[in-house]
1. Please give, to one decimal in nm, the separation of the simple spin-label points placed at E226 and K2, each 7 Å out from Cα toward the Cβ.
2. Count the DSSP beta bridges whose two residues both fall in the chain, then state the antiparallel fraction as a percent rounded to the nearest 5.
3. GNM on the chain, C-alpha springs below 10 Å: top fluctuator among E101, E292, E238?
4. With a 10 Å radius around each residue's Cβ, average the other Cβ atoms per peptide and rank 121-134, 201-214, highest first.
5. Put one equal scatterer on each alpha carbon of the chain, apply the Debye formula with no solvent term, and list log10 I(q)/I(0) at q = 0.08, 0.10, 0.14 1/Å to two decimals.
6. Run the count for the range 70-170, please: Lys pairs, Cα-Cα under 23 angstrom, 8 or more apart or on different chains.
7. Once the other residues with Cβ under 10 Å from the Cβ of N133 are scored (Lys, Arg +1; Asp, Glu -1), what is the net sum?
8. Please report the relative contact order for the range 203-249, taking Cα pairs under 8 Å with a sequence separation of at least 6, and give it as a percent rounded to a whole number.
Amino acid sequence: MKKILIAGGAGFIGSHLCKKLLNDGNEVICVDNLLTGQTKNIISHKNYKFINHDITKPLDIKVDEIYNLACPASPKQYFKYPIYTTKISVLGTLNLLELAEKYNSKILQASTSEVYGDPLIHPQIEEYFGNVNTIGIRSCYDEGKRCAETFCSDFKREKNIDIKIVRIFNTYGPNMRVDDGRVISNFIIQALKNEDITIYGDGKQTRSLCYVDDLVNGLIKMMNSECFGPINLGNPEEYSILEVANKIIKLIDSKSQLKFLDAIEDDPKVRKPDIKKAKNLLNWSPTISFDEGLKKTIKYFKTEI
Ligand code: NAD
Ligand code: UDP
């Protein structure tokens, strides 16, 4: 039985990861300050402990492994706390790396496709350095995560810590907050209520969406591998936002209409992971189709609203 700390374990992805690691027979310590997480994601289990703590402050818990998922991930959420968002990625990751150093724990950093910014190459390979605005409204998230990758690389080089970096691409599924603000939760809730579907910009921008169970399997495979990374994890099936909206309207048989709103500043125009590395090095690829994942997520939100 391993003792595993999950920072951000009361959030969307973290809650699924906690559950899977518990089911696999581990002891799980969820560290979360509930900034964007939910108390209903806290699990009642004899091998699970919840600690309400802000990772920008140091912590001292002896564990075998650390997953750092703590950071607001939805643009709607991090636009509310830009300065704090950078602090969480930079100071929070530093605190967890120092914890890993103290107890010689393995640590996995949840990075993001946002490190590629508004990408000029497509699909995005891990070697691409990205096209990121340093002073825009998304920069707090993008640059915070980029700096966290730098800390991870230097801790590995200077202190030989066993670190793994994964770059997560858009992921969706149950346990997202109703007010999360990201595309899948927004569109499903709007379609279920027969309200207008809010398209930011012309809807021609693309995303490639991964169901959360696939992503969680990838995170665990990465932790158990010898790889440092960074490794892209995501589902390469690419859709325009208009296609996503129409698919959800059809699956729900909704009366919703499309409503076009102003585009978000610096919104990446395309996004699709190249996952050759994950396939070759981790023997990982997504198994859940977009339709199947959407149906599971729709079922979840029906009970939430
Ligand atoms: P989320 O907002 O649902 O979860 C983040 C969790 O971190 C929340 O429970 C929140 O309360 C907690 N948290 C935030 N600041 C904290 C702090 N200072 N101290 C302790 N806990 C704190 O987001 P998510 O979608 O589950 O994302 C999890 C991680 O994966 C994030 O690091 C995010 O950047 C990364 N990621 C997610 C996606 C995606 O599509 N979901 C894509 C790329 C990267
Ligand atoms: N989006 C949209 N309407 C919404 C929410 C999002 O058109 O109600 C668009 C958004 O502009 C972006 C894409 O959907 O182009 C994905 O947005 P999300 O916030 O889910 O994640 P991002 O990839 O931007 O971090």
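1. My value for the distance between the label points is 1.7 nm.
2. Working: 3 of 38 bridges.
Taking every DSSP beta bridge within the chain, about 10 percent pair in antiparallel fashion.
3. Greatest mean-square fluctuation among the candidates belongs to E292.
4. Working: 121-134: 15.4, 201-214: 19.4.
Top to bottom by mean Cβ count within 10 Å: 201-214, 121-134.
5. Results for the chain at q = 0.08, 0.10, 0.14 Å⁻¹ read -0.32, -0.51, -1.05.
6. Taking the range 70-170 as the scope, the lysine pair count is 21.
7. Working: positive: R138; negative: D118, D142, E143, E265, D266.
So the surrounding residues net to -4.
8. On the way: 33 pairs, mean separation 30.0, N = 47.
Averaging sequence separation for qualifying contacts and normalising by length gives 64 percent for the range 203-249.
All of the numbers you see were taken from the coordinates with simple rules; none came from a lab. Here the structure is a predicted model, which is why all the values come from computation and not from measurement. Heads up, the Cβs are rebuilt from the backbone with ideal geometry, glycines too, and the neighbour counts pull from every protein chain shown.
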